[in-house]
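The values are calculated or read from the model by the stated rules, or taken from the named source; none is laboratory data. Source: prediction; values computed, not measured. For neighbour counting, all protein chains shown are included, and Cβ atoms are generated from backbone atoms with ideal geometry for every residue, glycine included. The protein model used for the area step is the full one, side chains on, heavy atoms only, and it has no ligands, DNA or RNA in it. Shrake-Rupley method; radii C 1.70, N 1.55, O 1.52, S 1.80 Å.
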Amino acid sequence: PAEITVIPAGGDLKGNVKRWMGQVRQSKVTDEQVDQAMAEAEAVEVSGKSGQRYVLVGDEETIDATIVPLQDGMSLFIKMKGPAETVADQAEDIQAFLQSIKLNL
């Protein structure tokens, strides 16, 4: 099983990526590792808005997270967390889900 969440929230991009990496890795996450993950992010479009999709592989779990900046410092976070195999198997379905989202802003 894996968990998917879709929430609007604030926070800086790098801080969120570092926190997520810490959720799936037992070792300390360095700034260099966070910078690398941010550089490897995939550009995506969600409801006409540009976002970044991160696949953060951990020791046993993986996070597939998309961040879509909104207004007033808020972003939409679409995140799947679960066993690495499950998250990898669902990559195309998550992409289809991202394309299906319609924001009413």
task: Just name the residue that is farthest from Asp12 (Cα to Cα) out of those in segment 57-83 that are small (Gly, Ala, Ser) and open to solvent by less than 40 Å² (accessible area, probe 1.4 Å).
output: Gly82
- line: Scanning segment 8-48 for residues that are in a loop (DSSP other than H, G, I, E, B) and exposed (fewer than 15 other Cβ atoms within 10 Å of the Cβ) gives Gly10, Gly11, Asp12, Gln26, Ser27, Lys28, Thr30, Glu40, Gly48
Residues of segment 18-43 satisfying the condition of being within 11 Å of the chain's Cα centre (by Cα) and aliphatic (A, V, I, L, M): Met21, Ala37, Met38, Ala41
- prompt: Within segment 49-56, is there a residue that is assigned to a strand (DSSP E or B), open to solvent by less than 40 Å² (accessible area, probe 1.4 Å) and touching a Phe, Trp or Tyr at 6+ places or on another chain (Cβ under 8 Å)?
  reply: yes
- prompt: Is there any pair linking a residue in segment 31-44 that is more than 9 Å from Lys18 (Cβ to Cβ) to one that is open to solvent by 80 Å² or more (accessible area, probe 1.4 Å) and assigned to a helix (DSSP H, G or I), with Cβ under 9 Å and at least six apart or on different chains, and which?
  reply: Val44/Gln99
statement: When segment 86-105 is checked residue by residue, the ones that are exposed (fewer than 12 other Cβ atoms within 10 Å of the Cβ) and of a type in the set (A, V, I, L, M) are Ala96, Leu105
task: Return yes when Asp59 is in a loop (DSSP other than H, G, I, E, B) and in contact with a Lys or Arg (Cβ under 8 Å, 6 or more places away or on another chain) and no when it is not.
output: yes
- prompt: Can you name every residue in segment 59-84 that is without any contact (Cβ under 8 Å) to a residue 40 or more places away in the chain and under 17 Å from Ile4 (Cβ atoms)?
  reply: Glu61, Thr62, Asp64, Thr66, Val68, Ala84
